[in-house]
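J.: Mind looking over this structure? Questions follow.
The values are calculated or read from the model by the stated rules, or taken from the named source; none is laboratory data. The shown structure was predicted, so the numbers you read here are calculated from the model rather than taken from an experiment. Here Cβ is always computed from backbone atoms with ideal geometry, including for glycine, and neighbour counts include all displayed protein chains.
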Amino acid sequence: MKKFLLSALIISMICTLASCTKDNSNRKSENYADSSQEKTAGLPIEKNRILIAYFSRYGNTDYPDDVDASTSASVVIDKERYGTTEYMARMIQKTVGGELFPIRTVTPYTDDFDELRDVNHNEMENNKLPELQKSNLDISNYDTIFIGYPVWATDVPQAVVSFLKKYDLSDKTVIPFCTHDGYGAGNSYNSIRVESSAKNMLEALAIEAKDIKDSSTVIENWLNSIGMLSKKTDEGETEIAIQIGNITLDGVLYNTALANEIKQYFPFTISMTKYAGREFYGGVDFYPESLEGGQKTFENGDITYCEDHHNMAIFYAQTDNPNLSVNVIPIGKVISDLSVFENLDNREEITFSLKHK
Ligand SMILES: Cc1cc2nc3c(=O)[nH]c(=O)nc-3n(C[C@H](O)[C@H](O)[C@H](O)COP(=O)(O)O)c2cc1C
């Protein structure tokens, strides 16, 4: 029955919006297919600079205190009450960390579904942007912004558009996620891309509300597939930043005797030269003593020390001939996307620093 009502709602929305004279073209949808498949542009994502902003009906609605999921209300009950999208936001946070930010309107929405449908219809048709509650959010503290919302009329609620217009996300990586009642994400990813002007938008995830409580594996697999889990460091590793001009890459130093010895010299800058399409190397001015464990092979991303040449190297691409002429000792690795190295100049000043002093 709920699905039937929704079909009617969606069809009526589309018909009305299609005949609307205002230019709303980038927010219309021809079908309900979950068509957006934004691919990663391979830009580095910094750990610990993640914001998970979400809009849910719960928290933005004048519900009675004892509201429960048996009515048409959008509530997930798991000891506490949560909005469906809020619940998904919390599952994401559990997996990748970051901070939650609830998008809240100044004026709450009605708890009556039919009235809300009309209010939303009116907001979309007239491009109304509901005013958001004041907050201390400083968007410059974040590089990666998840944006979560319930699909409304095959698109984002206008409160999400208010959020996207309020904050400058043009230098951010944006990751949409949404919940819905069976019709998928509709045009919502496209709206987010257009309204956010994000420099980079990663593949989104849409989950049907009825499945939300059983979705932890789906969510983890998705986060893994967009590279958000590879940012996790292993026990004892030290997070480092590798600065090349205005590009910052993430890396780790291993918990080995040599890496710990070299760590004492951080931060330092090495003038590094591109070599053989596979590495950047450059001399260092310290002489570590823990030199066991050299090898003549490398993995992509390896940061190594070489005793013979008294230098450090970053390996970014395997070549036909990965065997090296001298021993190198891996002391850490780059965990950001390595493709940036392909486009660097032949000589670069590269600064290695600890992320947390
Ligand atoms: C006004 C309105 C419009 C909706 N439009 C759609 C839709 O187009 N497609 C769909 O699958 N679900 C639609 N839904 C259902 C919600 O997307 C779904 O229940 C969502 O999981 C609620 O999330 P929340 O609890 O975070 O608000 C609509 C719900 C409302 C209130």
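J.: Return the residues of region 76-98 that are surrounded by fewer than 21 Cβ atoms within 10 Å (Cβ to Cβ), modelled with pLDDT under 90 and over 15 Å from PHE146 (Cβ atoms); say none if nothing qualifies.
T.: ILE77, ASP78, LYS79, GLU80, ARG81, listed by residue number.
J.: Kindly establish whether SER162 is small (Gly, Ala, Ser) and farther than 24 Å from GLU86 by Cβ.
T.: Judged against the criteria, SER162 is not a match.
J.: How many residues does region 167-183 contain that are farther than 17 Å from TYR54 by Cα, crowded, with 20+ Cβ neighbours inside 10 Å and in contact with a strand residue (DSSP E or B) (Cβ under 6 Å, 6 or more places away or on another chain)?
T.: 0
J.: Step by step: first the residues of region 123-173, then only those that are part of a strand (DSSP E or B), touching a Lys or Arg at 6+ places or on another chain (Cβ under 9 Å) and modelled with pLDDT of 95 or more, then the one that is farthest from the ligand (Cβ to nearest atom). Which residue is that?
T.: ILE145
J.: For residues that are under 18 Å from LEU354 (Cα atoms) and surrounded by 15 or more Cβ atoms within 10 Å (Cβ to Cβ), tally how many sit in region 267-287.
T.: Counting residues in region 267-287 that are under 18 Å from LEU354 (Cα atoms) and surrounded by 15 or more Cβ atoms within 10 Å (Cβ to Cβ) gives 2.
J.: Among the residues of region 305-357, what is the count of those that are within 25 Å of PHE286 (Cα to Cα), under 24 Å from the mean Cα position of the chain (by Cα) and part of a loop (DSSP other than H, G, I, E, B)?
T.: 4
J.: Separate question: Taking the options THR304, THR248, THR297, name whichever one is outside the structural domain of GLY83 (by TED's automatic domain parsing) and touching a residue at least 40 places away in the same chain (Cβ under 8 Å).
T.: The unique qualifying residue is THR248.
J.: Among the residues of region 147-172, which ones are touching an Asp or Glu at 6+ places or on another chain (Cβ under 6 Å) and either on the phi > 0 side of the Ramachandran plot or among the polar types (S, T, N, Q) (or both)?
T.: GLN158
J.: Scan (1) hydroxyl-bearing (Ser, Thr, Tyr); (2) within 13 Å of the ligand (Cβ to nearest atom); (3) part of a helix (DSSP H, G or I); (4) out of contact with any Lys or Arg (no Cβ under 8 Å at 6 or more places or on another chain) for the single condition SER191 breaks and write down its number.
T.: Just one mismatch for SER191, condition (4).
J.: Considering only region 119-159, how many residues are surrounded by fewer than 13 Cβ atoms within 10 Å (Cβ to Cβ) and more than 26 Å from ASP171 (Cα to Cα)?
T.: 2
J.: Right, another one. Which one is farthest from SER162 (Cα to Cα) among residues in region 70-112 that are among the β-branched types (Val, Ile, Thr) and part of a helix (DSSP H, G or I)?
T.: If we take residues in region 70-112 being among the β-branched types (Val, Ile, Thr) and part of a helix (DSSP H, G or I), then THR95 is farthest from SER162 (Cα to Cα).
J.: Does VAL340 meet the test of being exposed (fewer than 13 other Cβ atoms within 10 Å of the Cβ) and at pLDDT below 95?
T.: Answer is no for this residue.
J.: Mind checking which pairs have a first residue in region 140-155 that is basic (Lys, Arg) and a second that is part of a strand (DSSP E or B) and within 7 Å of the ligand (Cβ to nearest atom), Cβ under 7 Å, 6 or more apart or different chains?
T.: Note: no pairs meet the criteria.
J.: Could you tell me which numbered condition PRO288 fails, if it satisfies all but one of (1) touching a residue at least 40 places away in the same chain (Cβ under 8 Å); (2) part of a loop (DSSP other than H, G, I, E, B); (3) not polar (S, T, N, Q)?
T.: Condition not satisfied by PRO288: (1).
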